[in-house]
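Take a look at the structure set out below.
The values are calculated or read from the model by the stated rules, or taken from the named source; none is laboratory data. Because the structure is a prediction, the values reported are computed rather than measured. Ideal geometry is used to build each Cβ from the backbone, glycine not excepted, and the neighbour counts take in all protein chains shown.
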Amino acid sequence: MTSAATIRVHASQFPEAVRRDLLASWRTRRVNHKFHYDSLKQTQKWLALHDAHSPTRYDDDCLATYDRAFTETAEQIKSKAIHVIGLGCGGGKKDSRLLTLLQARGKNISYTPSDVSTAMVLVARRAALKVLPAENCFPVVCDLATADDLPALLATRHPSLVTFFGMIPNFEPQLILPRLARLVRPQDWLLFSANLAPGADYAAGMRRILPQYDNPLTSDWLTAFLYDLGVDPRAGKLSFTIETGGLGLQRIVATFHFTRAGCVDVGGEVFQFKRGEGIRLFFSYRYTAERVQKTLRKHGLEVCQQWIAASEEEGVFLCRSLGTAAETETGKRQHAVPATGAPWAGRGQKGGIR
């Protein structure tokens with residue numbers, strides 16, 4: 001392994017853009033989720049939360065479900081060369097597993113790990129280099145929410161497998177789905193996971209999973225953003241609610257409510273808060289398998305195959321562009337994919353926090 005790495009940094013993560021997004025978070029009272037992963041302290045708090053609440057730490061079936069999804073996805077891809085694009089790659093463990101399976105099937109593989117965090121991109125690159133040579137790895141740092149030229153930025157010569165694990169709940173669907181759709185060309189695939197609301201009653205399922213968010217570790221992680229910028233911990237309290245968001249989907253929302261007036265200085269700009277005002281720190285959408293299929297179809301994407309957790313709290317979905325999926329053998333056989341009970345549905349689960 002060489003002692004240096006070449007990384008492309010998109011303008012959406014240049015210092016001036018990050019500052020703009022931070023100020024916009026305070027002006028709109030809606031925090032961009034990327035700022036919860038900025039510091040080492042925030043990362044450590046998130047890891048503690050993940051260790052306590054993610055089934056990947058205690059449920060072997062959860063890992064088996066992803067393995068099943070990855071194995072069957074690798075079997076679906078017939079092209080000799082494939083470029084994996086890991087959007088929101090994090091540490092790249094899932095992407096690395098996919099690369100290993102694709103390599104085992106004799107594929108010529110290349111990889112673009114992409115995240116808002118330079119550190120995470122480097123970690124994902126390091127994991128990938130156990131599978132492929134450095135010249136086949138093309139790391140990119142960018143913000144998916146604000147980068148308007150993603151197709152050009154992530155263009156590949158070979159067919160692509162775009163991965164998007166644990167990310168879709170934290171984006172407005174009407175923002176992220178058109179962006180994903182533009183990345184999936186007729187020869188490409190999209191593989192992503194979505195947090196689901198369990199059971200036949202959507203509202204009841206949302207109430208059931210609320211404790212996965214409304215707990216001390218989640219509160220400690222989310223409020224670190226405020227406290228690190230000088231907000232007095234005694235200035236308010238955090239609450240978790242269920243509300244209807246984009247496209248009629250429901251989501252968990254974390255809001256910090258100020259119980260007394262105060263102010264915060266962010267990069268020389270002072271923001272005043274009155275008693276009773278709030279700032280939204282976080283949201284997480286919950287889908288159902290049916291809602292995933294319906295929502296994606298509105299944006300030109302077709303679910304070809306899915307793996308649903310036994311708990312019905314997590315799903316992994318393999319998709320293609322709508323026209324392409326209809327033309328493939330898989331698309332013909334699974335044009336309307338059942339929510340559960342399908343012969344290709346896997347079993348497993350994952351926690352509700354990204």
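So which residues in region 18-34 are closer than 26 Å to Y111 by Cα and either at pLDDT 95 or above or hydrophobic (A, V, I, L, M, F, W, C) (or both), if there are any at all?
Of all residues in region 18-34, those closer than 26 Å to Y111 by Cα come to 18, 33-34.
Selection gives V18 alone.
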Number of positions in region 132-146 that are surrounded by 20 or more Cβ atoms within 10 Å (Cβ to Cβ), over 17 Å from F165 (Cβ atoms) and among the aliphatic types (A, V, I, L, M):
1
Test R251 against the stated conditions and say whether it is charged (D, E, K, R), touching a residue at least 40 places away in the same chain (Cβ under 8 Å) and surrounded by fewer than 16 Cβ atoms within 10 Å (Cβ to Cβ).
no
Any chance F256 is over 27 Å from the mean Cα position of the chain (by Cα) and of a type in the set (F, W, Y):
no
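Among the listed residues R234, R251, which satisfies the condition of being more than 15 Å from R29 (Cβ to Cβ), outside the structural domain of R179 (by TED's automatic domain parsing), of a type in the set (K, R) and in a helix (DSSP H, G or I)? Before you say what the answer is, go through the steps one by one.
Values: R251 fails: in a helix (DSSP H, G or I).
Every option except R234 fails the conditions.
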Breaking point among (1) buried (at least 18 other Cβ atoms within 10 Å of the Cβ); (2) over 28 Å from I7 (Cα atoms); (3) more than 17 Å from the chain's Cα centre (by Cα), for K78
(1)
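Take P198 and decide whether it is part of a loop (DSSP other than H, G, I, E, B), touching a residue at least 24 places away in the same chain (Cβ under 8 Å) and either touching a Pro at 6+ places or on another chain (Cβ under 7 Å) or crowded, with 17+ Cβ neighbours inside 10 Å (or both). Step through it out loud before you land on a result.
Details: part of a loop (DSSP other than H, G, I, E, B): yes; touching a residue at least 24 places away in the same chain (Cβ under 8 Å): yes; either touching a Pro at 6+ places or on another chain (Cβ under 7 Å) or crowded, with 17+ Cβ neighbours inside 10 Å (or both): yes.
It is true that P198 is part of a loop (DSSP other than H, G, I, E, B), touching a residue at least 24 places away in the same chain (Cβ under 8 Å) and either touching a Pro at 6+ places or on another chain (Cβ under 7 Å) or crowded, with 17+ Cβ neighbours inside 10 Å (or both).
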Of all the residues that make up region 81-106, how many are touching a strand residue (DSSP E or B) at 6+ places or on another chain (Cβ under 9 Å) and modelled with pLDDT under 95?
5
State all residues of region 233-260 that are among the small types (G, A, S) and more than 19 Å from N215 (Cα to Cα); if no residue qualifies, say none.
A235, G245, G246, G248
Scan of region 48-73 for residues that are crowded, with 20+ Cβ neighbours inside 10 Å, in contact with a helix residue (DSSP H, G or I) (Cβ under 6 Å, 6 or more places away or on another chain) and at pLDDT 80 or above, ordered by number
L49, F70
Determine whether V266 is surrounded by 15 or more Cβ atoms within 10 Å (Cβ to Cβ), under 30 Å from E16 (Cα atoms), of a type in the set (V, I, T) and at pLDDT below 95.
yes
Just a yes or no: is a residue in region 180-187 in the same structural domain as G315 (by TED's automatic domain parsing), in a loop (DSSP other than H, G, I, E, B), crowded, with 17+ Cβ neighbours inside 10 Å and touching a Cys at 6+ places or on another chain (Cβ under 8 Å)?
yes
If the requirement is being buried (at least 20 other Cβ atoms within 10 Å of the Cβ) and touching a residue at least 24 places away in the same chain (Cβ under 8 Å), which of these qualifies: L99, L129, L153, L122?
L99
The number of residues in region 201-231 that are polar (S, T, N, Q) and part of a loop (DSSP other than H, G, I, E, B) is 1
